[in-house]
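Notes follow once the structure below has been shown.
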Amino acid sequence: MQKQFFITATDTDAGKTYFACLLTRALVLAKYKVAVYKPIAAGCEEKTDHQGNKMLINQDALLLQQSANCQQPLTQVNPIAFKAPIAPHIAAKKCQENISLKQIEQGFKLVAQQQSDVVICEGAGGWRLPLGEQLFLSDFVKHTEQQVILVVNIKLGCLNHALLTYESIINDGLDCVGWVANYGEADKIKQTTDDDKQLSLSYVDDNISELTELLPIPLLAKLPYQQDFTVAAKQIDLSLLI
């Protein structure tokens, strides 16, 4: 039976793409067939293909596509793309367009029809990303009943952000199957002075320890920044998911 995971996070730039790519890579290395989906992306680059057609390329979606092994076209991985690096529903309004749940769900259905063992779907922003007209990306997750993984950006305020996001997911009637501690920025800080290094290490460990006690779901991975995706992917405990 196909597994479907939705990757959300405590806020923007919390590490959703990084973890989604690592999870995809880990599953591929474990011999699973993985399809990926990033329904909405903003901050895209306009490029021209070999046939002279202009298209918007999102680097996060491109990384996901390259990590998977279902040979999906980029337009299937990321069907809704905007050039402006702003909230997607505002970008859509400026382009005189609407983002519809039907469009997102139809795109997901196409991805799910790939002969894959797992579908990895990456959200945008945080859990309550507005789509306009009082709709949210979380409504799509509810309609498709995906299992949710929460990426927590380990920084000041992360305890509150993580707990509120988890509560919101549960209140929406969904299964949050695990969380991830992402601390790439903190890892960069600890490479400065010895005093800063000690403070940063303590700060990260204390926050992860606190969240491990407060969140009633398993910690799937601790992710300091690692440039080699294959090495970093080995930090994920797949036995908790598959």
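The values are calculated or read from the model by the stated rules, or taken from the named source; none is laboratory data. Since this is a predicted model, take the numbers as computed values, not measurements. Note that we place each Cβ from the backbone using ideal geometry, even for glycine, and neighbour counts take in every protein chain shown.
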Open item on the list: Residue under question is LEU56, and the condition is that it be under 26 Å from LEU22 (Cβ atoms) and without any contact (Cβ under 8 Å) to a residue 24 or more places away in the chain; does it hold?
Closed with: no
Task: Hits in the stretch 214-242 (condition: outside any loop (DSSP other than H, G, I, E, B), touching a helix residue (DSSP H, G or I) at 6+ places or on another chain (Cβ under 9 Å), modelled with pLDDT under 95 and farther than 19 Å from ALA14 by Cβ) - done: THR230
TODO: List the number of the failed condition for GLY52; all other conditions in (1) in contact with a strand residue (DSSP E or B) (Cβ under 7 Å, 6 or more places away or on another chain); (2) at pLDDT below 95 hold.
DONE: (1)
Open item on the list: modelled with pLDDT under 95, of a type in the set (A, V, I, L, M), surrounded by 21 or more Cβ atoms within 10 Å (Cβ to Cβ) and more than 22 Å from ASP117 (Cβ to Cβ): is that true of ALA9 in this structure?
Closed with: no
Open item on the list: Let me spell it out: the conditions are (1) part of a loop (DSSP other than H, G, I, E, B); (2) modelled with pLDDT of 95 or more, and GLN191 meets all of them except one. Which number is the exception?
Closed with: (2)
TODO: Pick out the one residue from ALA30, ALA35, ALA61, ALA42 that is of a type in the set (A, V, I, L, M), touching a helix residue (DSSP H, G or I) at 6+ places or on another chain (Cβ under 7 Å) and surrounded by fewer than 18 Cβ atoms within 10 Å (Cβ to Cβ).
DONE: ALA30
- [ ] Inspect all residues belonging to the stretch 90-111 and state whether any of them is modelled with pLDDT of 95 or more, of a type in the set (S, T, N, Q) and within 20 Å of LYS16 (Cα to Cα).
- [x] no
- [ ] Considering (1) part of a strand (DSSP E or B); (2) in contact with an Asp or Glu (Cβ under 9 Å, 6 or more places away or on another chain); (3) small (Gly, Ala, Ser), say which one ALA91 fails and leave the rest.
- [x] (1)
TODO: Working only within the stretch 2-33, note down all residues that are part of a loop (DSSP other than H, G, I, E, B) and either within 20 Å of SER239 (Cα to Cα) or free of Cβ contacts under 8 Å to residues at least 40 places away in the same chain (or both).
DONE: GLN2, ALA30, LYS31, TYR32, LYS33
Open item on the list: Filter the stretch 108-141 down to the residues that are of a type in the set (Lys, Arg) and over 18 Å from ASP172 (Cα atoms) and list them by number.
Closed with: LYS109
- [ ] Give the residue that is modelled with the highest pLDDT, with candidates limited to residues of the stretch 118-163 that are crowded, with 16+ Cβ neighbours inside 10 Å, more than 15 Å from the chain's Cα centre (by Cα) and assigned to a loop (DSSP other than H, G, I, E, B).
- [x] ILE154
Task: Condition broken by ALA81, with the remaining ones in (1) buried (at least 17 other Cβ atoms within 10 Å of the Cβ); (2) under 19 Å from the mean Cα position of the chain (by Cα); (3) in a helix (DSSP H, G or I) satisfied - done: (3)
